[in-house]
1. Please work out which residue is nearest to residue 37 (Cα to Cα), limiting yourself to the range 65-95 and to residues that are assigned to a loop (DSSP other than H, G, I, E, B) and over 19 Å from the mean Cα position of the chain (by Cα).
2. Filtering the range 20-56 down to residues that are out of contact with any strand residue (DSSP E or B) (no Cβ under 7 Å at 6 or more places or on another chain) and within 19 Å of residue 142 (Cβ to Cβ), which residue is modelled with the lowest pLDDT?
3. I need a count of the residues in the range 136-153 that are surrounded by 20 or more Cβ atoms within 10 Å (Cβ to Cβ) and assigned to a helix (DSSP H, G or I).
4. Failed condition for residue 17, given (1) surrounded by fewer than 18 Cβ atoms within 10 Å (Cβ to Cβ); (2) in contact with a strand residue (DSSP E or B) (Cβ under 7 Å, 6 or more places away or on another chain); (3) in contact (Cβ under 8 Å) with a residue 60 or more places away in the chain, with all others met?
5. For the range 37-53, name all the residues that are surrounded by 19 or more Cβ atoms within 10 Å (Cβ to Cβ) and either touching a helix residue (DSSP H, G or I) at 6+ places or on another chain (Cβ under 6 Å) or in a strand (DSSP E or B) (or both).
6. Checking residue 190 against (1) surrounded by 14 or more Cβ atoms within 10 Å (Cβ to Cβ); (2) modelled with pLDDT of 95 or more; (3) in contact with a helix residue (DSSP H, G or I) (Cβ under 8 Å, 6 or more places away or on another chain), only one condition comes out false. Which one?
7. Listed residues 62, 76; which is crowded, with 17+ Cβ neighbours inside 10 Å and at pLDDT 95 or above?
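The values are calculated or read from the model by the stated rules, or taken from the named source; none is laboratory data. Keep in mind that this is a model prediction, so the values were computed, not measured. With ideal geometry, Cβ positions are generated from the backbone for all residues, glycine too; neighbour counts draw on all protein chains shown.
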């Protein structure tokens, strides 16, 4: 594996494929790499617990540092019908990425159903900034950056911030039955996996899980042959059966009794196409 930052470099991250947040975090890494090093030469592939990005113009460290330096801008401000627009505001990721994140908006089919965060304190851009502030610690873990665990803070005032709840490990521990209480109800902050949460937010802009027959249930699929970013939407949805695809199913359901806050639960395997 080349890591010297020359054109054609490849690098990898370790991934738990039964964690939907990690899977779509991989998609997000590919999306960002494709924008940072344009030209159509960036591909990705899953191989066991590894996700490899090839044809990049630099290293994983180069990519993460570019994300840390890019401007994140809240697009929607003010109030509409008494609702603070900051909670679901679109986010602009500045140069060199030039990407607008808006997949969760109501005008995007299925976006509202898949959006796990809610509530006046859960502002989309504020969460993204807090997660990004923790990326140096995740980067220090190299290809295991998805395993970096920490409570995240608002970089402006150092207040604790709750993540989006994409990470399946948080979803598995979010139930009151397992914990004896619901963290959101008592305002208890919980540790997050910042790289998973932030890069998953980006990955869902590029590719979407396929809705299953059951309510709030989705499928996603891997690929074992190198694919460019343009093919990821059909691959993730399981529409490329000849690329060594393996399927997984997860739910995005409620984690509180008020049926307001959701989370991504760990996935189960579906087998190969």
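1. Step one: list which residues in the range 65-95 are assigned to a loop (DSSP other than H, G, I, E, B), which gives 70-71, 75-78, 81-82, 89-90, 94-95.
Filter once more, keeping what is over 19 Å from the mean Cα position of the chain (by Cα): 75-78, 81-82, 95.
On the way: 75: 25, 76: 29, 77: 32, 78: 35, 81: 42, 82: 42, 95: 12 Å.
Only one residue tops the list, namely 95.
2. Residues of the range 20-56 that are out of contact with any strand residue (DSSP E or B) (no Cβ under 7 Å at 6 or more places or on another chain), as a first pass: 22, 24-25, 27-28, 31-32, 34, 36, 38-39, 46-48.
Remaining after also requiring within 19 Å of residue 142 (Cβ to Cβ): 22, 25, 28, 32, 36, 46-48.
Values: 22: 98, 25: 98, 28: 98, 32: 98, 36: 97, 46: 97, 47: 95, 48: 91.
Out of the qualifying residues, it is 48.
3. Qualifying residue count for the region: 3.
4. For residue 17, the exception is condition (1).
5. In the first step, residues of the range 37-53 are kept if they are surrounded by 19 or more Cβ atoms within 10 Å (Cβ to Cβ); the result is 37, 42-46, 51, 53.
The answer is 42, 43, 44, 45, 46, 51, 53.
6. Among (1) surrounded by 14 or more Cβ atoms within 10 Å (Cβ to Cβ); (2) modelled with pLDDT of 95 or more; (3) in contact with a helix residue (DSSP H, G or I) (Cβ under 8 Å, 6 or more places away or on another chain), the lone unmet condition for residue 190 is (2).
7. Result: 62 is the single residue among 62, 76 that is crowded, with 17+ Cβ neighbours inside 10 Å and at pLDDT 95 or above.
The rows are residues; the columns are (1) in contact (Cβ under 8 Å) with a residue 24 or more places away in the chain; (2) within 24 Å of residue 42 (Cβ to Cβ); (3) in contact with a helix residue (DSSP H, G or I) (Cβ under 8 Å, 6 or more places away or on another chain).
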{"residue": "221", "(1), (2), (3)": "yes, yes, yes"}
{"residue": "240", "(1), (2), (3)": "no, yes, yes"}
{"residue": "246", "(1), (2), (3)": "yes, yes, no"}
{"residue": "260", "(1), (2), (3)": "yes, no, no"}
{"residue": "264", "(1), (2), (3)": "yes, no, yes"}
{"residue": "267", "(1), (2), (3)": "yes, no, yes"}
